[in-house]
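Step one of this worksheet: look at the structure below.
The values are calculated or read from the model by the stated rules, or taken from the named source; none is laboratory data. Note that the structure is a prediction, hence the values are computed from the model and not measured. Positions of Cβ are backbone-derived with ideal geometry, glycine not excepted, and every protein chain shown enters the neighbour counts. Keep in mind that these areas ignore ligands, DNA and RNA; they rest on the heavy atoms of the full protein, side chains included. Shrake-Rupley method; radii C 1.70, N 1.55, O 1.52, S 1.80 Å.
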Amino acid sequence: MSVAMSEQKFMIRFCKAGIISITACYQKTMALLCGKHPNLYPWHFQWTAIRDLNRDLADVLPTLEGRVLDAGCGLQPYRFLLPSVTDYVGMDVVPGPFVDYLVKTGERFPFLDESLDAVLCTQVLEHVEDEVFFLDEIARVLKPGGRLVISIPFIYQVHGAPHDYRRLSEFGLRRLLPGYTVERVNHQGGIGTSLATLSLGWLHTQLDATTPTSLVKMLITPLLLPLQAVVNLLGVLLDCCDSTRAFYGNLLAVAVKNSDGSK
Ligand SMILES: C[S@@+](CC[C@H](N)C(=O)[O-])C[C@H]1O[C@@H](n2cnc3c(N)ncnc32)[C@H](O)[C@@H]1O
């Protein structure tokens, strides 16, 4: 190998290592400035997507008791809202430091029939290949009278590709819960916050598409954060004028498993 070629290879490796370190440093700084999931500040580009979900979960989760399964737990972002449960277990198909039970997609859950008091399942159903089997498993492991707290987006960009299979309206979600009495379904967000979430999501996806554009994104961050705060605020204001109930970003349902097994 010529000296010129090995110098070129060294430079390429040097640049790649430099970009990786800059990106890691940027991400740490952004977590400090904009917060971390699920506690994001209003200038974070996903603040409108998570704000109402956080509010509704803070209302519902502290009422759960007994043995609770977090199905598709990821980093267990809402565990802190369940201080009084006797047992909390996280299950996922992807290994991680917070995953107590690792399962394979489409596999039976590793719990006995009617052994759990509640199941929490936030932002998972859109990523599950066979949603009917998954919900049947939840119903199998829940005790009669047990509660299911489930959320899913309705208006949101593709994420977690290729494992992003569906969005659900309130009516679609209700149809998937035949063996339950649905206590409440919260529509989260309206036209304004949906537009804010989609437009800022698009901007970030576009800027993250290539290395040069992601470097541009880092450079324009001091402009981006105030812009995001304004777009988010306008979204919240526009939501105040939206009485259609047709443009929500996300849904949260709380459902109680029927004691008589009726569907
Ligand atoms: C968008 S993340 C949500 C994580 C967490 N529940 C939250 O609210 O932040 C979706 C999670 O569902 C998990 N998941 C996808 N399919 C699953 C399945 N069939 N069974 C269990 N977990 C699954 C993914 O691995 C991922 O951790």
Residue list for region 73-91, filter: among the small types (Gly, Ala, Ser), open to solvent by 20 Å² or more (accessible area, probe 1.4 Å) and within 15 Å of the ligand (Cβ to nearest atom): GLY74
Contacts under 9 angstrom Cβ, first residue in region 214-237 being without any contact (Cβ under 8 Å) to a residue 40 or more places away in the chain and open to solvent by less than 30 Å² (accessible area, probe 1.4 Å), partner among the acidic types (Asp, Glu) and outside any helix (DSSP H, G or I), 6 or more apart: LYS217/ASP208
Selection within region 243-262 - among the charged types (D, E, K, R) and either free of Cβ contacts under 8 Å to residues at least 24 places away in the same chain or out of contact with any Phe, Trp or Tyr (no Cβ under 9 Å at 6 or more places or on another chain) (or both): ARG245, ASP260
Among (1) surrounded by fewer than 18 Cβ atoms within 10 Å (Cβ to Cβ); (2) within 16 Å of the ligand (Cβ to nearest atom); (3) β-branched (Val, Ile, Thr), the one test that VAL3 misses: (2)
Tally of residues being among the charged types (D, E, K, R) and crowded, with 18+ Cβ neighbours inside 10 Å across region 8-66: 3
Subset tally (residues that are under 13 Å from ASP70 (Cα atoms) and either open to solvent by 70 Å² or more (accessible area, probe 1.4 Å) or within 21 Å of the chain's Cα centre (by Cα) (or both)) for region 110-122: 5
Condition check for TRP47: in contact with a Phe, Trp or Tyr (Cβ under 8 Å, 6 or more places away or on another chain), in contact (Cβ under 8 Å) with a residue 40 or more places away in the chain and more than 10 Å from the ligand (Cβ to nearest atom): yes
GLN27 being within 30 Å of CYS121 (Cα to Cα) and outside the structural domain of PHE247 (by TED's automatic domain parsing): yes
Considering residues of region 123-160 that are within 10 Å of the ligand (Cβ to nearest atom) and of a type in the set (Gly, Ala, Ser) only, the residue most open to solvent (accessible area, probe 1.4 Å): GLY160
Qualifying positions in region 101-122 - within 12 Å of the ligand (Cβ to nearest atom) and free of Cβ contacts under 8 Å to residues at least 40 places away in the same chain: TYR101, LEU102, VAL103, LYS104, THR105, GLY106, GLU107, ARG108, PRO110
